[in-house]
1. Need one number: nm distance between label points at V52 and R420, each 7 Å from Cα along Cα→Cβ, rounded to one decimal.
2. Could you list, bin by bin from short to long, the percent of Cα-Cα pairs of segment 37-430 in 10 Å steps?
3. Subtract the Cα-Cα distance of Q358 and W61 from 0.36 nm times their separation in residues, and report this length gain in nm to one decimal.
4. Rounded to the nearest 0.05, what FRET efficiency is calculated for I131 and K81 with R0 set to 41 Å and r the Cβ-Cβ distance?
5. For segment 295-304, just list the computed ³J(HN,Hα) in residue order, Karplus coefficients 6.51, -1.76 and 1.60, θ = phi - 60°, integers in Hz, with x standing in for Gly and Pro.
6. Work out the FRET efficiency for L68 and W233 from their Cβ-Cβ distance, taking R0 = 30 Å, and round it to the nearest 0.05.
7. Determine the gain in length on full extension of the stretch V210-I315; use 0.36 nm per residue of separation and subtract their C-alpha separation, reporting nm with one decimal.
8. Which order results if S83, S310 are arranged by neighbouring Cβ count within 10 Å, fewest first?
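Nothing in this text is a laboratory measurement; each read-out follows from the coordinates by a stated rule. None of these values were measured; they are calculated from a predicted model. Heads up, the Cβs are rebuilt from the backbone with ideal geometry, glycines too, and the neighbour counts pull from every protein chain shown.
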Amino acid sequence: MSSTPDASGEPPRPPETRRVFNRPSWTEVQYVTDALRTETIGGAVLLVAAVVAIALANSPWADLYTGLRDTEIGTDWGHLKLSVGHWAADGLLAIFFFVAGLELKREFIVGELRTPAKAAVPVIAAACGVIMPAVVFVAVVTVMGGEGDAYRGWAIPTATDIAFALAVLAVIGSHLPSALRSFLLTLAVVDDLIAITIIAIFYTSDLEVVPLLVALVPLAAFAFLTQRRLGQWWLLIPLAALTWGFVHASGVHATVAGVLLGMVVPVKPRPQGVPALSTMEADEDVAHRFEHRLRPLSAGVAVPIFAFFSSGVAIVGGGLGATLVDPVAVGVILGLVVGKLIGVLGSTYVMARFTRAQLDPNLTWSDVAGLAVLTGIGFTVSLLVGELAFGAGSERDEHVKLGILIGSLVAAIVSSVILRRRNAVYARIHEEETRDDNRSGVPDIYENLPETGSGDSR
């Protein structure tokens, strides 16, 4: 690479695609900011729901709480007579995974993951951030002499809860670089994809092929309508519900249906000249429209209700002591705190050390370490995997819930200590980069740099 100064006397900037945590495009910054606002509010609501659930589970009203959670409603057709807690896990979380499906498609088609050079680091970091917690979990269970079924929980510490993680970032300070936030969102999207794959492959029992094949019919109809911008809710919602119902009846976890529905929604506008049977604009990003409407419902309603029914765990009366000697719970705690740190930080360092990727000069490795620890905040998907592994309401599931809470709390505290000391420095950088003299509403630094990110087609 040439180092000859340009006309301004400054050495040329290295290619953005070679940088780790490089500055995202202005369009991507706007997208991240919007997502950050919604997920941060959702994280606060999620935290309140979890605290209320824990308080109720350790209060004189514990029987009322568990009675409500275990009340069964529904019909025996298609195995749809479920407890309220089960409906929250299988039904409401499908909305969360639908939004995740939209995010996945956006990132891979028009987002940060569409360019292999830019996608390599977050994809590898996410993969290693799944593998290492699982390795740590298995090692802890083996050393502590856990019995055979204990290994079913290997996937519990592999997930990152993006709502909680972004909420912690908001508490730490609003001046942390957008590149860190963008990287966290991108990593979390890939993390969700891996988690969905794990749930579908490793936590599916008694697979019934016929209902799974039948689910393809309403899924195809849903795809047909959205591809042609036919957005009437009275058409799409019944098709989505049928897809969910048949996937649930097949034995595959029903949240997978949410991902499939999200993945068939179009991201790019229709090419000019192609007719559209449309109630939406032909040039509209349908996935963005759906995500804009459903993300608040997912973050502010669906996930908090799931958290309320899933995080109520008894701490008093020996619950904490029993948890800390359970190999599964200890494996979850260390997997979230230590495994995530080793996986995300280690893989990122190796990529920067042995490939053409470079750490952005405005960042330090302590920033990466803080972000790596932050990914150890596992809640929503971790709770779901724990229930699938050991059965909702079982003694071991109770230990797992408490282990997830402890591990996530430790990760939040440690990451806050690491990142907060740099917040004042980034506040000054933020003021310089967002100084706007041209009244365009776009920070000067984005006016002066070519668009390198994902927003071109939005």
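1. Here the answer is 2.7 nm between the modelled labels.
2. Values per bin, smallest distances first: 5, 23, 32, 26, 12, 2, 0.
3. Once the chain is fully extended between Q358 and W61, it gains 101.4 nm.
4. Here the calculated transfer efficiency is 0.60.
5. 4, x, 5, 5, 6, x, 10, 4, 5, x
6. 0.55
7. Gain on extension, V210 to I315, equals 33.4 nm.
8. S83, S310
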